[in-house]
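Below: one structure, written as structure tokens.
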Amino acid sequence: MSKKKQQVKAEEKTENVKKVLKPVLNPVPVGNSEDGPLTAEAEAEPSSFVDTVYQQINSVLGGSNANQFLCLTIPGQALSAEDFKYDYKNNAPKGPVIEANESRLANKLFDPCRMTGSDNGLTLPYQYRTALDMLTPKLNLKVAQAKNQLRQLLMTEYPYDFGDGADKTYTLQEVFFRLYDEYVAESEKWSEIQNKKREDLRKKYPGTNSENNEKYNDAYLEWYETVAESYLNVINEKMSKVISVFTPNDMKILEGILDSGSGAELQEARQTLSNTQKLTPDGGYVYPVKFNPTNWFELLGTSFTPIDLLKSPDVLSMQLQNLSSRRIKLNSRISDISSLIPEDKAVNEAKNKVKEAKEALDQAQSSLITSYGAGIQNLLNTVFDIAPLFAGGAVPGDIIAKLAGGVSLTSGKTIPDLISDINKSMATSFTAQQTYVKESKALADASAAAIETQNMANLKSILLPLKSQLEELDLEIQNIQTQIQLSAASRPAADADGKVVDSDTSENSVAPPSVPEGYTQVVITADASTMDSESSSSSASSVKTSGASFWFCGYHSEKSSSSSSFSSSISQGKTSIQIGMNVAKVGIEREWFNPGVFALTKDMFNVTTSKISPQESYSSITEQRLSDMASTVFPCYPTALVIARDISIKLVSSTSISSEFSESAEKHASSGGGFLFFSGSSSSSSSSSSSGVHATSTDNTVTLKFDTPQIIGYYLEATAADKSTYLDNMSGDSQAGYVTISHFVEEYKKILEEMKKKQIKIEG
């Protein structure tokens, strides 16, 4: 592409980055039937980068619940499907480990804010119980009076002759339930008689053929017509006696009134919580949860292919540099051990060949080391290892420059000089190094064979582990060499100035390869300069979300070179940040959790001076509401996870990106460091690398791909307004219409005393 065309494309890009790309919506988001198109508010360009991302995610996954809000967690939390996998298809129960993992994931609590750096260390079950224990029911005066009147009615004397000769005084309640029990017993007796008759007739007419069925039904009907009336008359007589005293419906009405009233929910909630908890060996408790959909863990994968996740050739070469250095040292140690082996023809021949190869290598490299200093030794070993991976055996200058980073060159020498001289000596030096590596391996094999033949146990215990390390190291080197070759083949070709320019800078370049079922694809583009702008909801955030350090997920380098180079990249020209990912909302269900209790606090007393939640009834989530929630005991709780996978981040510059920044990003990625909202950690504990993020760079772009699915946020539900009255601050107005527990008890004791007096009078 000509420079003129590049300039035109850059100008087009400048216009495009001023717009926020609408997400491409997948029609079936996970666990959220209320998901809809972007709102007008979400479509409007926000003032800051973090607002752009927040609004785009929330517009895709957020529903219409005015009391719910998205809380992004920075960085995300890496997930592994193996930690949550169970055989749900065959209705197999979750194991205790799975339950514990799910409980830890779903039951953590967060401060009421839109963005946070971590949970607040509290857990939902314990804060829920604390909130329940703060409340005690109010007793409505009219209801209390009515209940006592009904109790007096049920305990009223009711003389009744049951015909059993018992000289006893009964209450209305006792008479009713004795008569009702007689009615029930007679009904059961009749049912037993019918069942016995059916059994007898089935024995007489066995089988299920039509003839026997017809005879069976005819015989049963004939019998029923003969005897049913007499039994039913007895049953009806029993019911008549019941309703002559009190009807069953009337008694149910009384029971409903006596069992009514706000406050019982508190004890039921406490009991349910206690009954559900499961003790763990470490003395804690697990509170089981359910996720919606059930198979959510099957969606914790990646759509990226190994080719998609290849790092830049220069990054891979830097990884290879350490391995090449380790191989040289291992070969040297093995050579030293071989000298301890008594006269052995094969070993001696191998040692001589290694010696000759090392001398040839040293000679080939000596002129370069003399000219540029001993510090380039490791660089040379690496360059000669990767030379055959490139066309013509010429290692690209940018790779050599990366490898030379931090190396002190001899005064007057420059990196371009080094690049030129290395490639000039490539043919001789490469051959010498390959010969040395080959002969060193042969020496290791010959030494191991001689030690085994001569039964030299001491040397065997030393050599074999070193030989094993060397073999593993060779495999690692070969693996990285393969990756370098693939990466170099897929890398854009350098232009006339030797610069590698990424021509694919459209928003589609960060779009995930595919959209799994249940996920929604989101692509976001924003001007990088907006990263310096404070979020419009900065007061509702517990983490810094602006400035260059945010790019590295809050990481601060001692030299702060990454931050300064980032600022430099932005100031040099128009720079955009592109983010592409698949997102899903996974609902959380807890059978032991009843937040509806807190909607009844108006009819409850608070035994503490603290509030469970703000007293004001808000109609939406505002900054003021979040601020008021912060000082309460149980302000909000998680209702859903927000999961992201197939994440790509691309920094695109219309000019060039500083090498310092790209190197910092690649180094940060190789160590598993996070970027923006996303964790760079690997989800697999068995992985050989701690990094789940893969970095590549060109002269005008830095691209990061995350193969780790992760939680990037939670949807939190605001607890209902706490309308309870502080018990010690009851005024006449607040107490109007209610009685205290002591007053209720005293009134009920009066009823009991009155009944006792009547009983004594009757018995006397």
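Table: residues versus (1) at pLDDT 80 or above; (2) surrounded by fewer than 21 Cβ atoms within 10 Å (Cβ to Cβ).
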site	(1), (2)
Ala644	yes, no
Ile647	yes, no
Ser654	yes, yes
Ile657	no, no
Ser662	no, no
Ala669	yes, no
Leu676	yes, no
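Screening the range 357-394 for residues that are touching a residue at least 12 places away in the same chain (Cβ under 8 Å) and of a type in the set (D, E, K, R) and picking the one that is nearest to Gly406 (Cα to Cα) gives Asp385. Applying the condition of being small (Gly, Ala, Ser) and surrounded by fewer than 22 Cβ atoms within 10 Å (Cβ to Cβ) to the range 604-624 and asking which residue is farthest from Cys71 (Cα to Cα) yields Ser610. Given the residues Lys85, Lys108, which is the only one that is in contact with a helix residue (DSSP H, G or I) (Cβ under 8 Å, 6 or more places away or on another chain), modelled with pLDDT of 80 or more, surrounded by fewer than 17 Cβ atoms within 10 Å (Cβ to Cβ) and not aliphatic (A, V, I, L, M)? Of Lys85, Lys108, the one residue that is in contact with a helix residue (DSSP H, G or I) (Cβ under 8 Å, 6 or more places away or on another chain), modelled with pLDDT of 80 or more, surrounded by fewer than 17 Cβ atoms within 10 Å (Cβ to Cβ) and not aliphatic (A, V, I, L, M) is Lys85.
Please specify each residue of the range 229-248 satisfying the condition of being among the hydrophobic types (A, V, I, L, M, F, W, C) and over 14 Å from Leu172 (Cβ atoms).
Answer for the range 229-248, where residues must be among the hydrophobic types (A, V, I, L, M, F, W, C) and over 14 Å from Leu172 (Cβ atoms): Leu232, Val234, Ile235, Met239.
Of the residues making up the range 285-321, those that are under 21 Å from Pro638 (Cα atoms) and either surrounded by fewer than 18 Cβ atoms within 10 Å (Cβ to Cβ) or out of contact with any strand residue (DSSP E or B) (no Cβ under 9 Å at 6 or more places or on another chain) (or both) are Tyr285, Lys290, Asn292, Pro293, Thr294, Asn295. Going through (1) surrounded by 15 or more Cβ atoms within 10 Å (Cβ to Cβ); (2) within 30 Å of Leu150 (Cα to Cα); (3) in the same structural domain as Gly163 (by TED's automatic domain parsing); (4) of a type in the set (A, V, I, L, M, F, W, C) one by one, Ile253 falls short only on (1). Among helices (runs of 4 or more DSSP H) entirely within the range 79-185, having at least 2 residues that are over 30 Å from Ser679 (Cα atoms) singles out 124-133, 141-154. Using the structure shown, decide if Pro342 is farther than 23 Å from Ile480 by Cβ and assigned by TED's automatic domain parsing to the domain that holds Lys441. When the stated conditions are applied, Pro342 passes them. The one condition from (1) closer than 30 Å to Asn322 by Cα; (2) surrounded by fewer than 17 Cβ atoms within 10 Å (Cβ to Cβ); (3) at pLDDT 80 or above that Ala489 does not meet is (3). Quick check: is even one residue across the range 354-373 of a type in the set (D, E, K, R) and either surrounded by 19 or more Cβ atoms within 10 Å (Cβ to Cβ) or in contact with a helix residue (DSSP H, G or I) (Cβ under 7 Å, 6 or more places away or on another chain) (or both)? Among the residues of the range 354-373, at least one is of a type in the set (D, E, K, R) and either surrounded by 19 or more Cβ atoms within 10 Å (Cβ to Cβ) or in contact with a helix residue (DSSP H, G or I) (Cβ under 7 Å, 6 or more places away or on another chain) (or both), which makes the answer yes. Checked across the range 144-164, the condition of being within 30 Å of Asp603 (Cα to Cα), in contact (Cβ under 8 Å) with a residue 12 or more places away in the chain, among the charged types (D, E, K, R) and out of contact with any Pro (no Cβ under 9 Å at 6 or more places or on another chain) holds for at least one residue.
Conditions tested, residue by residue: (1) farther than 26 Å from Glu182 by Cβ; (2) surrounded by 15 or more Cβ atoms within 10 Å (Cβ to Cβ).
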position	(1), (2)
Leu232	no, no
Ile235	no, yes
Asn249	no, no
Glu268	yes, no
Asn275	yes, no
Lys278	yes, no
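Identify the residue in the range 197-208 that is over 11 Å from Tyr220 (Cβ atoms) and over 60 Å from the mean Cα position of the chain (by Cα) and, among all such residues, is surrounded by the fewest Cβ atoms within 10 Å (Cβ to Cβ). In this case the residue turns out to be Lys203.
What about Pro416, is it surrounded by fewer than 20 Cβ atoms within 10 Å (Cβ to Cβ) and within 42 Å of the chain's Cα centre (by Cα)? In short, no. Just name the residue that is modelled with the lowest pLDDT out of those in the range 603-642 that are farther than 30 Å from Gly680 by Cβ and of a type in the set (Phe, Trp, Tyr). Looking at residues that are farther than 30 Å from Gly680 by Cβ and of a type in the set (Phe, Trp, Tyr), I get Phe605.
When the range 625-642 is limited to residues that are part of a strand (DSSP E or B) and of a type outside the set (A, V, I, L, M, F, W, C), the one that is surrounded by the fewest Cβ atoms within 10 Å (Cβ to Cβ) turns out to be Thr639.
Candidates Ser335, Ser366: the one that is over 20 Å from Asp474 (Cα atoms) and in the same structural domain as Lys438 (by TED's automatic domain parsing) is Ser366. Once the range 322-346 is narrowed to residues that are in contact (Cβ under 8 Å) with a residue 24 or more places away in the chain and small (Gly, Ala, Ser), the residue that is surrounded by the most Cβ atoms within 10 Å (Cβ to Cβ) is Ser324.
The values are calculated or read from the model by the stated rules, or taken from the named source; none is laboratory data. Only a predicted model underlies this, so the values are computations on that prediction, with no experimental measurement involved. With ideal geometry, Cβ positions are generated from the backbone for all residues, glycine too; neighbour counts draw on all protein chains shown.
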